[in-house]
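**Student:** Please find one structure pasted underneath; my questions will follow.
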Amino acid sequence: MDYEEISYEVTNGVGWMRLTRPDKLNALTTQMAREALDVLGRAREDEGVRCMVITGEGRGFCAGQDLTEFTAGSQDGSPLDVAEHLRSGYNRMITAIVELPMPVIAGVNGVAAGAGLSLALACDLRLASDAARFLQAFIRIGLVPDSGGNWLLPRVVGFAKALEMSITGDVVDAQEALRIGLVSRVVPADEFAAALTEYAERMAAAPTRAIGATKALLGEALRLSLSETLEREAITQADLAGSSDFAEGVGAFLDKRDPKFTGR
Ligand code: LHQ
């Protein structure tokens, strides 16, 4: 598949997915979601990809649904089927990110709004430029959060802050985002690209299988009992104890050297 609204490349174990509609702050379209799904599917099957980065070109990360696509559909006399648009596009994209068995970093270079914020929230780690801003823009146009925003945001910042952001649509700047745990690191805009690359390559050199299993376990644990979680941990740990990365990790510790994980 040729990509028109995103770009994708793999470098040093990192799959870089960039949204490439900078003049529209990388607002999401049907086409962009289709292309993103294709990339996420490829990354999942590619053993050479051990960390994914999702970031935006220009001064925006992602401004959510392209509102012109939304209105253009209506003018055609064939209104956009919103539920189907979400089910077949953004919902699948969000699920694919959450279920990717490797670390996924949102490189939040600029504004993240509406479904664009959901996109950042679906990632496991969020590194932000100090130029980034965050808003649940939906309420400003009379909608509810979608693309998982109602599920993801309270898990990241807690219920009260999530509700406040969702019903006010107020802009949260990068420093406030750091304070409330919406992002884990903020770096100056001119250091952002280097910091993102360093973070991504560090995560690509980590024990990938254990990271994938941790994502799955932590996600499940939020809806399981302690006893169910303990059992799943026992099964998962037994599996990982047979992995090359476990042997390497223990060997490196005993040899007093840095481990070289392969993701297997
Ligand atoms: C845009 C957009 C945009 C088109 C900036 N669309 N052009 C899913 C399914 C179906 C239905 C609807 O909803 C959804 C999920 C959603 O995501 S709903 C939420 C949709 N997003 C928004 O409502 C956010 C709209 N954008 C904004 O509020 C502002 O642009 C923010 C606060 C993000 C940034 O403000 P500024 O930094 O002042 O930039 P700007 O407004 O000047 O935007 C720059 C350009 O990007 C401008 O185009 P122009 O040709 O005038 O230079 C904007 O029109 C365009 N743009 N967001 N979502």
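The values are calculated or read from the model by the stated rules, or taken from the named source; none is laboratory data. Since the structure is predicted, the reported quantities are computational estimates derived from the model, not experimental observations. Neighbour counts are summed over all protein chains in view; Cβ atoms, including those assigned to glycine, are modelled from backbone coordinates with ideal geometry. Ligands, DNA and RNA are stripped out before the accessible areas are found, and what is left, the full protein with its side chains, is counted by its heavy atoms. Shrake-Rupley method; radii C 1.70, N 1.55, O 1.52, S 1.80 Å.
**Student:** If a residue has to be within 13 Å of the ligand (Cβ to nearest atom) and among the aliphatic types (A, V, I, L, M) to count, how many in segment 119-156 make the cut?
**Tutor:** Result for segment 119-156: 11.
**Student:** Let me confirm something: among 181, 169, 158, which residue is in contact with a helix residue (DSSP H, G or I) (Cβ under 7 Å, 6 or more places away or on another chain), surrounded by fewer than 15 Cβ atoms within 10 Å (Cβ to Cβ) and over 24 Å from residue 18 (Cβ atoms)?
**Tutor:** Just a single option satisfies the conditions, and that option is 181.
**Student:** So how many residues does segment 1-30 have that are within 16 Å of the ligand (Cβ to nearest atom) and outside any strand (DSSP E or B)?
**Tutor:** Result for segment 1-30: 11.
**Student:** Which count do you get for residues in segment 215-253 that are touching a residue at least 12 places away in the same chain (Cβ under 8 Å) and closer than 25 Å to residue 152 by Cα?
**Tutor:** Selection size over segment 215-253: 10.
**Student:** Consider residue 67 carefully, then state whether it is within 22 Å of residue 169 (Cα to Cα), out of contact with any strand residue (DSSP E or B) (no Cβ under 9 Å at 6 or more places or on another chain), of a type in the set (A, V, I, L, M) and open to solvent by 30 Å² or more (accessible area, probe 1.4 Å).
**Tutor:** So residue 67 passes the test.
**Student:** So is residue 38 away from the ligand (no atom under 16 Å from the Cβ) and part of a helix (DSSP H, G or I) or not?
**Tutor:** Yes: the conditions hold for residue 38.
**Student:** Given (1) open to solvent by 60 Å² or more (accessible area, probe 1.4 Å); (2) touching a residue at least 40 places away in the same chain (Cβ under 8 Å); (3) part of a loop (DSSP other than H, G, I, E, B), identify the lone condition not met by residue 44.
**Tutor:** Among (1) open to solvent by 60 Å² or more (accessible area, probe 1.4 Å); (2) touching a residue at least 40 places away in the same chain (Cβ under 8 Å); (3) part of a loop (DSSP other than H, G, I, E, B), the lone unmet condition for residue 44 is (3).
**Student:** Quick one: residue 72 ticks every box in (1) in contact (Cβ under 8 Å) with a residue 12 or more places away in the chain; (2) open to solvent by less than 50 Å² (accessible area, probe 1.4 Å) except a single one, so which number is it?
**Tutor:** Going through (1) in contact (Cβ under 8 Å) with a residue 12 or more places away in the chain; (2) open to solvent by less than 50 Å² (accessible area, probe 1.4 Å) one by one, residue 72 breaks only (1).
**Student:** Are any residues in segment 222-237 open to solvent by less than 70 Å² (accessible area, probe 1.4 Å) and more than 27 Å from the chain's Cα centre (by Cα), and if so, which ones?
**Tutor:** Residue satisfying the conditions is 234 alone.
**Student:** For residue 113, are the conditions met, namely being at pLDDT 95 or above, over 18 Å from the mean Cα position of the chain (by Cα) and within 11 Å of the ligand (Cβ to nearest atom)?
**Tutor:** no
**Student:** On the given criteria, is residue 33 open to solvent by 10 Å² or more (accessible area, probe 1.4 Å), in contact with a helix residue (DSSP H, G or I) (Cβ under 6 Å, 6 or more places away or on another chain) and either part of a helix (DSSP H, G or I) or of a type outside the set (A, V, I, L, M, F, W, C) (or both)?
**Tutor:** no
**Student:** Just checking, which of 118, 147 is touching a Phe, Trp or Tyr at 6+ places or on another chain (Cβ under 8 Å), within 18 Å of residue 62 (Cβ to Cβ) and assigned to a helix (DSSP H, G or I)?
**Tutor:** 118
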